[in-house]
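This report refers to the structure that appears directly beneath it.
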Amino acid sequence: MTDTQVQATTVEPGFGDFVQLLKPRVMSLVVFTALVGLMVAPVHLYPVAAFSAILFIALGAGASGALNMWWDADIDVLMRRTKNRSIPAGRIQPGEALGLGVALSGISVVMLALATNLVAAGLLAFTIFFYAVVYSMWLKRSTPQNIVIGGAAGAFPPMIGWVAATGSVSLEACLMFALIFMWTPPHFWALALFMKEDYSNAGVPMLTVTHGRRTTRAYILIYTVLLVPFAMALGWTTIGGPVYIAVAAALNLWFVVGAVRIYRRDEVQAEADKYAVEKAFFRFSLVYLFAHFSAMLVEAVLRSMGYGV
């Protein structure tokens, strides 16, 4: 990362500027999926330990966000979507973001180990490393498969939550990981379809830049279809059930239909309606993931009340 394109600090940073470094929107998804992973596990932590686990997982997610923003400051300033972030806008110095990211990384990993177990802490440490180093520093700028491989970073939180409670990895934890891992490419490629110029300007080899929008549309459909069996398989595990199966079936049918609509469009149609279909698919993809994990949580509540197997 270079500081040549990052503006000099001209104003005192506010509390909100440091919060922005932690990527609170991403953090909210991390917290929710990690909480579900912890809640649906067969072993239940005491409330204080459970709260501590989620808090330190959230801090780890924030650390990843700060390290990512530190490294990406030179390209963030070139992208319309990111140019007003704290570092490229000149409100926070890159070194401050690096210091915050490193400090939160150490605190979150050590405290999660003390609150739960070493396996969960090790997974959190690996997740931070994977997002900050493997994805941000290597994959993002070197390959159009960046979001495919890099999506693993966002897929670990429910597994970490599960391991925090149980101390071990299981089929259920792996399938929760797979659900997010397979969901990530169509989710981000839909965004890339209507944000292609941003990635082109920044020199990021997103699939839309290297292979074009036509190929990206095909890949969205392929990954959406591949996602379905992983999403449905959770319904027949110990954390699934009839509620999850019904919700997942409806969501995946809708998701596949949306991917087919995207695949059938050409650029003339997309530009005519300002990528309305692609934007709708992107928004629905957020609902898709939230609803799947919400259904798992409902199943856990029903089991605690004596319903289900």
Counting only residues that are under 16 Å from residue 72 (Cβ atoms) and either among the β-branched types (Val, Ile, Thr) or modelled with pLDDT under 95 (or both), the stretch 103-134 contains a total of 3
crowded, with 21+ Cβ neighbours inside 10 Å and closer than 30 Å to residue 304 by Cβ: is that true of residue 118 in this structure? no
Selection from the stretch 240-252 of residues part of a helix (DSSP H, G or I) and either surrounded by 16 or more Cβ atoms within 10 Å (Cβ to Cβ) or in the same structural domain as residue 43 (by TED's automatic domain parsing) (or both) yields 243, 244, 245, 247, 248, 251, 252
The one condition residue 80 fails out of (1) modelled with pLDDT of 95 or more; (2) surrounded by fewer than 18 Cβ atoms within 10 Å (Cβ to Cβ) is (1)
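Report yes if residue 183 is under 12 Å from the mean Cα position of the chain (by Cα) and either on the phi > 0 side of the Ramachandran plot or not assigned by TED's automatic domain parsing to the domain that holds residue 97 (or both), otherwise no.
So residue 183 passes the test.
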Turns out the helices (runs of 4 or more DSSP H) fully within the stretch 152-239 with at least 1 residues that are over 24 Å from residue 136 (Cα atoms) are 152-166, 171-194, 212-233
Checking 295, 280 in turn, the sole residue that is crowded, with 19+ Cβ neighbours inside 10 Å and within 27 Å of residue 25 (Cβ to Cβ) turns out to be 295
If we keep only residues of the stretch 1-19 that are out of contact with any helix residue (DSSP H, G or I) (no Cβ under 8 Å at 6 or more places or on another chain), under 28 Å from residue 141 (Cα atoms) and not hydroxyl-bearing (Ser, Thr, Tyr), then the residue modelled with the lowest pLDDT is 8
* **Test result for residue 148, under 14 Å from the mean Cα position of the chain (by Cα), crowded, with 19+ Cβ neighbours inside 10 Å and β-branched (Val, Ile, Thr)** => yes
Taking the stretch 209-239 and keeping residues buried (at least 21 other Cβ atoms within 10 Å of the Cβ) and closer than 16 Å to residue 264 by Cα leaves 213, 216, 217, 220, 224
Going through the stretch 293-309 in order, the residues found to be touching a residue at least 60 places away in the same chain (Cβ under 8 Å) and in contact with a helix residue (DSSP H, G or I) (Cβ under 6 Å, 6 or more places away or on another chain) are 293, 296, 297, 299, 300, 308
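Criterion first (out of contact with any helix residue (DSSP H, G or I) (no Cβ under 8 Å at 6 or more places or on another chain), small (Gly, Ala, Ser), in the same structural domain as residue 15 (by TED's automatic domain parsing) and buried (at least 19 other Cβ atoms within 10 Å of the Cβ)) does residue 89 satisfy it? Full working, then the answer.
Details: out of contact with any helix residue (DSSP H, G or I) (no Cβ under 8 Å at 6 or more places or on another chain): yes; small (Gly, Ala, Ser): yes; in the same structural domain as residue 15 (by TED's automatic domain parsing): yes; buried (at least 19 other Cβ atoms within 10 Å of the Cβ): yes.
When the stated conditions are applied, residue 89 passes them.
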Exactly one of 127, 143, 82 is under 26 Å from residue 172 (Cα atoms) and out of contact with any Cys (no Cβ under 6 Å at 6 or more places or on another chain), and that residue is 127
Picked from the stretch 253-262 (must be of a type outside the set (D, E, K, R) and surrounded by fewer than 16 Cβ atoms within 10 Å (Cβ to Cβ)), the residue nearest to residue 207 (Cα to Cα) is 260
Reported set for the stretch 58-82 where residues are farther than 17 Å from residue 133 by Cβ and touching a Pro at 6+ places or on another chain (Cβ under 6 Å) is 76, 77
Here the residues within the stretch 14-60 that are hydroxyl-bearing (Ser, Thr, Tyr), assigned to a helix (DSSP H, G or I) and surrounded by fewer than 18 Cβ atoms within 10 Å (Cβ to Cβ) are 28
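The values are calculated or read from the model by the stated rules, or taken from the named source; none is laboratory data. Keep in mind that this is a model prediction, so the values were computed, not measured. Because the Cβ atoms are built from the backbone with ideal geometry, glycine has one as well, and the counts that use them run over all protein chains shown.
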